[in-house]
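Everything below concerns the one structure shown next.
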Amino acid sequence: MITPAFELTQDPDFLTVKIRVPYARASEFDVYFEGEDFKFYAKPYFLRQLTLPGRIVEDGREKASYNTDEGTFTIRLPKEVPGQFFEGLDMLTSLLAPKKSRSAKPLVEEMDTTASAELCEENEEEFDWEMEQIPYEESTPPLQHPYGFGNLRSGVFQRLQDELSDVIDIKDPDQTPAEERRRKRLAAEAAKFEPDHYLADFFEDEAIKHLLKYKPWWIDAHRKMTALQGESHQEHDSPAFVVFSEEEREQMRKFTNKSYLLDKRSRRHVYLGLIDILLAYCYEICVNEGDKNVESSWNIRKLSATLCWLEVSFSSIHDVLVSFGRRVLCYPLYRHFGLVTRAFNDTVMILQLGKAAVLKCLLDIHKIFMESDPAYILNDLFITDYCIWIQKVKSKKLAALCESLQKTTLSKSHVGLELEELEAAAVLVQEEEKALKAAGTVSKQQLLCSESETSDSEESSSTSSSETEGSDSDEQESSTSEDGEINSFQGTLQEERTAPLIDCNGLRQGTNTWATEVGDGKSKVSLQSTTPPGKLVEELEMQIQSAMRLSEQPEGLATAGCISQEQEENPVPEPDRFSEDAAGKGNFLEVSPKPNPLLFLCSTNEDE
C-alpha cells in the first residue's frame, strides 16, 4: 500500500485534511475518525493512522469532497472543543507515529517457575569439583567514545576510514575522549587563524556590508509574527508564518518515526548542538544570499564544532557561541565579526518562530548534505534524528532555549584571538602611515613652493631683462620703422622731384636731379636726404600751385614764369661746374634724354 501525500490545516471550528490520491477510485474510499485517530483508505492508497494533537467529533457537520482535476480529497472535521488550537499540524512525521499503549499491564511479568525450575535441575549436569578454578578477571573492552545525536553512536568511522578526512577534522574519533577532542580543536583553530586575513576583512568591509543587507525568509516571517503578536490571543501562532513546500513534506513523510530515550545530560547536548548547527546554517545563508553552491555543505559542517569535531563537551550556550565565533574567524572566505553577530540574531529569530521554522532549516540542511557525497554521513549521525526529534519537542522548552540564547552575549575578547589588540595596532599603524604621508606631502609642497619661488624670481629677472631688451628693441624697431617710413616717403618725394618737368614748350627740365659726391669718397649723400621731410612737402605743394597758376596764364608768360620760378627755387647748376670724385676727376651731370610722360606740370592750348 502507498502512503498518500497529505496536509492538515485548521480554523477555529474545523480541522481540514487534504489528501492527494491521483488515479484512485473516487467511488470506493473509506474514512474513519474518532477522538485523536484518523484513517483513510482509497485503493491503492492507505493512510494507516494519524495521531492528531486534538480531539475531533462526528456530529453531522463533517464534509468531504473530491477534486478530479487535482486528484485530491478534502475532508472537514469538526473540533470537539471549538476554538481549540491544534499544535504541530506541520509535524507530519510525528503525526504518523502509532498511538502509544495506555494499558496498565506491566511490561515485565513474573511467571510460575516451579515446574520449570525442577526441569532445569534435572537437565543440569553434575558439577565437577576437581576442575581447575581460574580467578575471574574483568576484561576491559576497547575504549569507545560515543558521538552523534544524543551520543547514541560509536564505531561508525572505523568502517568509514576513506570518507573520514572529507567529513570531519578529528582523526580516530572512536578512540579520542571528549576533552582531548576539545583540546585538539582549540589548537587547530589557533594555528589556522590568520591576522592579515582578519584585518583585511576588517578594514575593507564593502563586501561584508553588502552581505549583511540580505534578508532571508525568516526575517519577513518574524516581522509578521511580531506585528500580529498583540492581536492574536492564541499561544502558538507561529506555524501560520512558516510554510513547507511539497518537497519538504515529502522529506518528512520519508522519515521513520522514532522515539529517543535521552538522559538529562544527553538532552542538554542535543539542545546545545542544535544551536551550533543553526548558527552555521545562518552564516551559510547570509554569505551566499540564499543560493546553494558546492561550498554550502563545507561551510555548514566546517563552522559547526558539533559536526566537524563531534564536540560533546559544551557546558553552556556561551561555549557554543565562542566556538562558532572562533571558527568563523579562522576558516571561511569572509572572516568578520559582524557575520558572527548576524548569525546569532538570525538564530534567535528562528527559535522565536517555533519548531516549524527550526524544522524547515533542518530539512534544508538535510537536503544540502544529501547532495554532497561525503557529507551524507552527517545526516545519518545528526540531521535525520534532529528532524524527527524536533517535531516532538514541546514549544515551551524551545521558547526557554531561545530566551537563554537571547540573554547570552559574545564580544571579541571572548573568542581568545586578541582581536581588539590586533585592531588597535592596525589602527595605530594606519595613523602613523597617514602622518608620514601628510608630512611627506607638506615637505613636498614646501619643496615645490621653494622651487616655484626660485623659478618665479628667475622668471621675473628674465622678464625684466627681456622687457628691457624688448623696450630697446621696440624703440629700435619704432625708430627703424619711422626712419623707414621717412626714407620711403623721402624716396617717393625724391623720385617726384628728380623726375624731369615738362615746360610749356614741351622741353624737359632736369631740376634737382643732381647729386653731390663727398670728396673724401666715404659716402654719397643725396641732396634731398638732408632736407627735412616737412620742407620737402612744402616745396612740392608750392611747385604744384605754381604749375596750376602757370596753366591759367598765357603761353609766353606761363613759360617764362615757370622757368623763372623754377630757377629761383632750384637754381640749375652751371655747365662748367662739376663735382669731384675721390680721384679728383670732374663729371658733368647730364639730363636724361627720355621724357617722363607722367609729369606734365604745364599744359598748352592746342587751339593757340
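Worth a mention:
- Among residues of region 366-392 that are within 15 Å of Val294 (Cα to Cα), those with a Cβ under 6 angstrom from a residue that is among the acidic types (Asp, Glu), sequence gap 6+ or separate chain, pair up as Pro374/Glu163; Pro374/Asp166.
- Residue check, Ser266 part of a helix (DSSP H, G or I), among the hydroxyl-bearing types (Ser, Thr, Tyr), at pLDDT below 95 and assigned by the TED database to the domain that holds Lys394: yes
- Matching residues in region 360-408 - criterion: being in contact with a His (Cβ under 8 Å, 6 or more places away or on another chain) and polar (S, T, N, Q): Asn379, Thr384, Ser395, Thr408
- Of residues in region 54-82 being within 53 Å of the chain's Cα centre (by Cα) and assigned to a strand (DSSP E or B), the one surrounded by the most Cβ atoms within 10 Å (Cβ to Cβ): Phe73
- Considering (1) more than 23 Å from Trp217 (Cα to Cα); (2) open to solvent by 10 Å² or more (accessible area, probe 1.4 Å), the lone condition that Glu403 does not fulfil carries the number (1).
- Residue count for region 177-209, restricted to those that are surrounded by 16 or more Cβ atoms within 10 Å (Cβ to Cβ) and either of a type in the set (Lys, Arg) or not in a helix (DSSP H, G or I) (or both): 4
Residue-wise test of (1) at pLDDT below 95; (2) buried (at least 21 other Cβ atoms within 10 Å of the Cβ).
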| position | (1), (2) |
| --- | --- |
| Ala280 | no, yes |
| Ile285 | no, yes |
| Glu289 | yes, no |
| Val294 | yes, no |
| Leu303 | no, yes |
| Cys308 | yes, yes |
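- Taken as a whole, the structure leaves Asp373 outside the set of residues that are over 20 Å from Leu211 (Cα atoms), in a helix (DSSP H, G or I), in the same structural domain as Gln391 (by the TED database) and among the acidic types (Asp, Glu).
- Consider region 6-53 and keep the residues that are of a type in the set (Lys, Arg) and surrounded by fewer than 13 Cβ atoms within 10 Å (Cβ to Cβ). The one that is farthest from Glu246 (Cα to Cα) is Arg25.
- Restricting region 210-224 to residues that are free of Cβ contacts under 8 Å to residues at least 12 places away in the same chain and open to solvent by 90 Å² or more (accessible area, probe 1.4 Å), the residue that is farthest from Glu421 (Cα to Cα): Arg223
- Positions within region 363-381 being open to solvent by 10 Å² or more (accessible area, probe 1.4 Å) and within 14 Å of Phe255 (Cβ to Cβ), in sequence order: His366, Lys367, Met370, Asp380
- Filter result (of a type outside the set (Val, Ile, Thr), farther than 13 Å from Ala5 by Cα and touching a residue at least 24 places away in the same chain (Cβ under 8 Å)) within region 50-60: Leu52, Pro53, Gly54, Arg55, Glu58
The values are calculated or read from the model by the stated rules, or taken from the named source; none is laboratory data. Treat the numbers as computed from the prediction; the structure is a model and nothing was measured. Here the Cβ is made from the backbone with ideal geometry for all residues, glycine too, and neighbour counts use every protein chain on show. Accessible surface areas use protein heavy atoms only, side chains included; no ligands, DNA or RNA. Shrake-Rupley method; radii C 1.70, N 1.55, O 1.52, S 1.80 Å.
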